[in-house]
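What follows is one structure encoded as structure tokens, with my remarks underneath.
The values are calculated or read from the model by the stated rules, or taken from the named source; none is laboratory data. Worth saying up front: this structure is predicted, and the values here are computed from it rather than measured. No Cβ is skipped: glycine too gets one built from the backbone with ideal geometry, and neighbour counts run over all protein chains shown.
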Amino acid sequence: MRVVIFSDIHGNAVALEAVLDHIHREAAPDAIVVAGDLVVDGPRPAEALALLRDLSGALFVMGNTDQDVLHQSGDTFDFTRSKLHADDLKWLGNLPFSQQITAAPGHDLLVVHANPRNLCDALKPDLSPVLVRPLLEGVQQEVIAFGHFHVPYIRHIDNYTLVDVASVGLPRDGVLRAVYVTLTFDGRNWQIAHHRIVFDVEAVARDYEAVGYPGAQRQAKKFLKASY
Ligand SMILES: [Mn+2]
């Protein structure tokens with residue numbers, strides 16, 4: 001069984017299209033899970049969300065910005081809301097906190113946005129196990145996949161495998177390529193791979209200006225920096 005997971009599209013429809021193309025050509029997934037933060041912070045929230053909602057059979061979880069866009073004020077949220085239909089906002093508001101996929105008895109995969117407890121606390125790659133463990137308390141699944149921090153990594157803590165699937169739309173590890181992950185269960189183990197996908201970075205940077213994004217130049221610069 002092969003599961004494809006990606007996350008943190010953040011309204012970057014150009015990167016999302018490149019990722020979906022690659023998945024359809026190369027990955028042959030049995031399931032697709034999208035780990036939240038779908039629309040906020042990018043120039044094309046409506047286009048990105050339309051592509052996502054068209055993905056037949058895909059599973060979704062809610063990200064912190066999917067929740068925030070429903071009621072928070074501020075330029076970025078106002079812009080994003082203005083581009084979405086009432087039905088899109090309602091759909092975002094109904095996203096579940098987590099998804100589970102079972103490959104075989106005892107071989108379960110949990111997908112959440114940031115960590116298994118909440119939508120905010122980032123599981124950074126170097127976070128002390130002492131601080132990671134409370135966020136994993138009660139988790140029964142052997143693999144936990146998430147986004148939120150926008151940096152790809154795989155880490156083993158106790159009996160868990162943690163997979164940061166990173167970000168399609170706003171990479172933060174200095175590599176301006178979209179990321180998706182394949183998790184292939186071979187009957188005994190999960191084979192996990194991150195894929196880095198080239199997309200038209202300059203087109204996205206230009207788009208902030210073209211769509212009248214608030215603080216367009218600053219946002220484009222932040223996008224191109226691709227790091228914290
Ligand atoms: Mn997030």
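Would you confirm whether or not the stretch 114-129 contains a residue that is more than 16 Å from the ligand (Cβ to nearest atom) and buried (at least 17 other Cβ atoms within 10 Å of the Cβ)?
no
Can you run down the residue pairs with Cβ atoms below 9 Å, 6 or more apart or on separate chains, where the first is in the stretch 55-70 and farther than 16 Å from residue 32 by Cα and the partner is aliphatic (A, V, I, L, M) and more than 15 Å from the ligand (Cβ to nearest atom)?
Every condition considered, the pairs that remain are 69/84; 69/89; 70/89.
Would a scan of the stretch 35-53 turn up a residue that is of a type outside the set (A, V, I, L, M), modelled with pLDDT of 95 or more, surrounded by fewer than 19 Cβ atoms within 10 Å (Cβ to Cβ) and out of contact with any helix residue (DSSP H, G or I) (no Cβ under 9 Å at 6 or more places or on another chain)?
No, the stretch 35-53 contains no residue that is of a type outside the set (A, V, I, L, M), modelled with pLDDT of 95 or more, surrounded by fewer than 19 Cβ atoms within 10 Å (Cβ to Cβ) and out of contact with any helix residue (DSSP H, G or I) (no Cβ under 9 Å at 6 or more places or on another chain).
Surrounded by fewer than 19 Cβ atoms within 10 Å (Cβ to Cβ), hydrophobic (A, V, I, L, M, F, W, C) and at pLDDT 95 or above, is that true of residue 203?
Against the criterion (surrounded by fewer than 19 Cβ atoms within 10 Å (Cβ to Cβ), hydrophobic (A, V, I, L, M, F, W, C) and at pLDDT 95 or above), residue 203 qualifies.
Would you check if residue 151 is touching a Lys or Arg at 6+ places or on another chain (Cβ under 8 Å) and more than 16 Å from the ligand (Cβ to nearest atom)?
no
Give the residue, chosen from 151, 163, 132, 204, that is assigned to a helix (DSSP H, G or I), within 18 Å of the chain's Cα centre (by Cα) and either more than 19 Å from residue 31 (Cβ to Cβ) or not hydroxyl-bearing (Ser, Thr, Tyr) (or both).
Being assigned to a helix (DSSP H, G or I), within 18 Å of the chain's Cα centre (by Cα) and either more than 19 Å from residue 31 (Cβ to Cβ) or not hydroxyl-bearing (Ser, Thr, Tyr) (or both) holds for just one of 151, 163, 132, 204, which is 204.
Can you give me the ranges of the helices (runs of 4 or more DSSP H) entirely in the stretch 1-90 with at least 2 residues that are among the β-branched types (Val, Ile, Thr) and within 16 Å of the ligand (Cβ to nearest atom)?
64-71, 75-83
To keep it simple, each residue is scored yes or no on (1) at pLDDT below 95; (2) surrounded by 14 or more Cβ atoms within 10 Å (Cβ to Cβ); (3) under 30 Å from residue 1 (Cβ atoms); (4) out of contact with any Gly (no Cβ under 7 Å at 6 or more places or on another chain).
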position	(1), (2), (3), (4)
179	no, yes, yes, yes
191	no, no, yes, yes
199	no, yes, yes, yes
227	no, no, no, no
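Somewhere in the stretch 119-126, is a residue within 12 Å of residue 36 (Cβ to Cβ) and either touching a Leu at 6+ places or on another chain (Cβ under 7 Å) or of a type in the set (A, V, I, L, M) (or both)?
Taking every residue of the stretch 119-126 in turn, at least one turns out to be within 12 Å of residue 36 (Cβ to Cβ) and either touching a Leu at 6+ places or on another chain (Cβ under 7 Å) or of a type in the set (A, V, I, L, M) (or both).
If residue 171 passes every condition in (1) surrounded by fewer than 16 Cβ atoms within 10 Å (Cβ to Cβ); (2) of a type outside the set (D, E, K, R); (3) in a loop (DSSP other than H, G, I, E, B) but one, which one does it miss?
(1)
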